[in-house]
Amino acid sequence: MKPIRVLVVDDSAVVRQVMLDVLGRSPEIKVIGTASDPIFAMQKMNQEWPDVITLDVEMPRMDGITFLKKIMAEHPTPVVICSSLTEKGAETTMQALSAGAVSIITKPKMGVKQFLTDASNDLVSAVKAAAQANLRRVAMPLVAAKLSADVMLPGGISAMAQTTERIVAIGTSTGGTQALEAILTRLPRVCPGIVIVQHMPEKFTAAFAERLDGLCDLEVREAKNGDRVIPGRALIAPGGRHMLLKRSGAQYIVEVVDGPLVSRHKPSVDVLFRSVAKYAGKNATGIIMTGMGDDGAHGMKEMFDAGAHTIAQDEATCVVFGMPKEAIKLQGVREVLPLENLPRAILIAGRG
């Protein structure tokens, strides 16, 4: 097999050198060049086009977002964003994801060299996954032992009998930011309460929710512990925290808690889906969407067994058909739909 050709674009000489060293250690990767800004990058790309680009967003002469839009318009190529873990960086990165980037590697403002060295496995994994994907398919880093939702919530059904209040639970990962925007912007204010897990690092979920809130008729917010799940509101699990659905009297609320990685993620779709199965049962609809891996597959089977209506996004409209495929394999999916049909499915779910 030919090595994966990677171009590193970052205005920091330290970052460029460390990325070159880290990626160069993998026999499956060849860094064909580095560039301090997009203008230099385009000169190099005219000579040899990379399979994957790692891209900073704040650079001189041309910002990363403008460069990204140019790439996606002229020669779509998998792009992994390397962004600082700050509120300002998060807002800019949301624009990059909307423009077609597929994943985020976060870097701190200080100690970047040590961080990139420590995160070498994540960097190599992200590049390898991107190279195997069609355009925007790339995995979030898989780290640590793979735990099940048992570490956060015991299994078993305790949901109330069917009621008039409906819940929609959505789980997604790679490609999910664009897919969620496509769905939520097409929903009216009158829609069932929605709870969402999108695999994303800390700080970025708040900016993501704020951006969607500005685009949508319904209210979209990053979930806080104790938030009510009500019609016309979508709650997105914060990065670095698990989100569970709970029943409080006649109301549904979310519980936002810390805990170990589940299915190698935090937040985990499996944790959310298990809690929905347990506390909402047949009053819920679960939707598993584009994403690498199998997070959410087991939780969706539990929702299915609890009487919930379960839907998987179809392969043709997924950036990555990993998570939906695994849920289908476990026979936890009642319906497979293309992305464009999911808003209607959510509205139907709200009618019971």
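The values are calculated or read from the model by the stated rules, or taken from the named source; none is laboratory data. Just so you know, these numbers come straight off a predicted model, no measurement behind them. Reconstructed Cβ throughout: ideal geometry from the backbone, glycine too, with neighbour counts over all protein chains shown.
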So which residues in the stretch 276-298 are more than 17 Å from the chain's Cα centre (by Cα), crowded, with 24+ Cβ neighbours inside 10 Å and closer than 19 Å to S173 by Cα, if there are any at all?
-> V276, T285
R186 versus (1) modelled with pLDDT of 65 or more; (2) out of contact with any Pro (no Cβ under 8 Å at 6 or more places or on another chain); (3) not in a strand (DSSP E or B): which is the lone unmet condition?
-> (2)
V14 vs (1) surrounded by fewer than 16 Cβ atoms within 10 Å (Cβ to Cβ); (2) at pLDDT 90 or above: all pass except (2)
For the stretch 100-129, name all the residues that are part of a strand (DSSP E or B) and either of a type in the set (S, T, Y) or free of Cβ contacts under 8 Å to residues at least 24 places away in the same chain (or both).
-> S103, T106
Among helices (runs of 4 or more DSSP H) entirely inside the stretch 278-352, those with 1 or more residues being assigned by TED's automatic domain parsing to the domain that holds V262 and within 24 Å of D217 (Cα to Cα) are 342-351
Those residues that are touching a Gly at 6+ places or on another chain (Cβ under 8 Å), buried (at least 19 other Cβ atoms within 10 Å of the Cβ) and in contact (Cβ under 8 Å) with a residue 40 or more places away in the chain, I need them from the stretch 208-232; list them, please.
-> V229
Answer with yes or no whether V254 is in the same structural domain as F204 (by TED's automatic domain parsing), assigned to a strand (DSSP E or B) and at negative phi.
-> yes
